[in-house]
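Q: One structure, pasted below without further comment.
What follows is calculated from the coordinates using simple rules that are stated; it is not laboratory data. What you see is a predicted model, and the numbers here were worked out from it, not measured in a lab. In this analysis, Cβ positions are derived from the backbone assuming ideal geometry, glycine residues included, and neighbour counts consider all displayed protein chains.
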Amino acid sequence: MRILAVDPGEKRIGLAISDPTGTIASPLAVLQHVSRVLDAAAIASLAAEHQAGLILVGKSLDENGAPTPQSRRGDRLAQVIQQQCEVPIIFWDESFSTYDARQARITMGLNRSKRSGHMDDLAATVILQSYLDSEGKR
């Protein structure tokens, strides 16, 4: 089953997709935030196009595991996505996903100028791979 991961942000929404076996996450796209309804429609369309059986929405948690003000953005987006498609939605901790994406670029040996720019799709990939790895250990 393919899984679509969503990293909701104020300006951009990062998306990643798993392979059909649910083992490997890959960057898919970066959507520019327009409005919650239009963003959700685009995500629902991509979920259908890629035959996703699950949508994973990143949720920011604080050091105590409690939701942060940013996590409300993901909650509201997930509600609207659910109104537009029947694919189940679950939340997954996105804490440090952007940091991990930045570290991955450094590990790949990219110079500073190539490491700059948005990392929303890579952050979504980090979130999704974290979920896939945890599911594989069960």
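Q: First select every other residue whose beta carbon is under 11 angstrom from the beta carbon of residue 39; then total the charges, Lys and Arg +1, Asp and Glu -1.
A: Once all neighbours under 11 Å are counted, the net charge is +4.
Q: Evaluate E = 1/(1 + (r/R0)^6) for residue 133 and residue 61, where r is the Cβ-Cβ distance and R0 equals 22 Å; express this FRET efficiency to the nearest 0.05.
A: E between residue 133 and residue 61, to the nearest 0.05, is 0.80.
Q: Please report 1, 119 as a ranked list, fewest other C-beta atoms within 10 angstrom at the top and most at the bottom.
A: By the 10 Å Cβ count, ascending: 1, 119.
Q: Using the Karplus curve 6.51 cos²θ - 1.76 cosθ + 1.60 with θ = phi - 60°, what ³J(HN,Hα) values do you get for each residue of the range 71-80, in whole Hz, with x for Gly and Pro?
A: Residue by residue, the range 71-80 yields 5, 5, 4, x, 4, 5, 5, 4, 4, 6 Hz.
Q: If amide hydrogens are placed 1.01 Å from N in the peptide plane, which non-local residues have theirs closer than 5 Å to the one on residue 33?
A: Here 12, 13 satisfy the definition.
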